[in-house]
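Novice: Here it is, the structure, as C-alpha cells.
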Amino acid sequence: QVQLLQSGGGSVQAGGSLRLSCAPSGAPSRTYCIAWFRQTPGTEREGVAGMGNEGRSNYADSVKGRFTISRDNANGTLYLQMHSLKPDDTAMYYCAAAGWCRDAPLTRTDAYDWWGQGTQVTVSS
C-alpha cells in the first residue's frame with residue numbers, strides 16, 4: 001500500500017521560511033498528481049499548492065509568490081518551500097497524491113487517493 005511520509009514543519013517567526021517534505025513509500029516510480037493542503041481548527045481543508053503530472057503548478061491566491069511546490073523526480077519526494085511566512089499560515093499541512101491530473105485541483109480533497117499524516121506549522125508574530 002502507498003504511504004506518504006511527511007517531515008519538516010515546526011515553529012518560526014513571521015517572515016521566516018520552512019520547507020516541508022513528503023516521501024512516498026510503496027509507490028511505483030513515476031510522476032503523480034501532487035498537492036499540499038492545510039487545515040486550521042473549525043475550517044475545511046484547503047488546497048494551497050499543486051502540480052500536475054506534466055509539471056504544471058498552481059497556487060491558492062493566499063500563498064502565491066511566497067510558496068513553491070516542487071518534486072524530486074529521482075525519488076518522488078514532494079516539497080513545499082514556504083517563504084515570508086505569516087501568522088495566518090499557521091495550520092496543519094498535508095501532502096496528497098493521485099494517479100494523474102493535468103492541473104492539480106485545490107478545491108476538493110476527494111480528487112486525491114493518498115494522504116500524508118500531516119505536520120504542524122506555527123508562525124508567531
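Novice: Could you run through the range 103-125 and say how many residues are open to solvent by 20 Å² or more (accessible area, probe 1.4 Å), part of a loop (DSSP other than H, G, I, E, B) and either closer than 19 Å to Lys64 by Cα or among the aromatic types (Phe, Trp, Tyr) (or both)?
Specialist: Total satisfying the criteria: 5.
Novice: Then there is this: Inside the range 1-98, counting only strands (runs of 3 or more DSSP E) that do not spill past its ends, which hold 3 or more residues that are surrounded by 17 or more Cβ atoms within 10 Å (Cβ to Cβ) and of a type outside the set (S, T, N, Q)?
Specialist: The strands (runs of 3 or more DSSP E) meeting that bar are 18-25, 33-39, 46-51, 67-71, 78-82, 91-98.
Novice: Return yes when Pro24 is closer than 15 Å to Asp113 by Cβ and not polar (S, T, N, Q) and no when it is not.
Specialist: yes
Novice: Can you tell me which residue in the range 37-82 is nearest to Gly26 (Cα to Cα), limited to those that are of a type in the set (Val, Ile, Thr) and without any contact (Cβ under 8 Å) to a residue 24 or more places away in the chain?
Specialist: Thr68
The values are calculated or read from the model by the stated rules, or taken from the named source; none is laboratory data. Everything quoted here is computed from the prediction, not taken from an experiment. Ideal geometry is used to build each Cβ from the backbone, glycine not excepted, and the neighbour counts take in all protein chains shown. Surface areas here come from the heavy atoms of the whole protein model, side chains and all, with no ligands, DNA or RNA. Shrake-Rupley method; radii C 1.70, N 1.55, O 1.52, S 1.80 Å.
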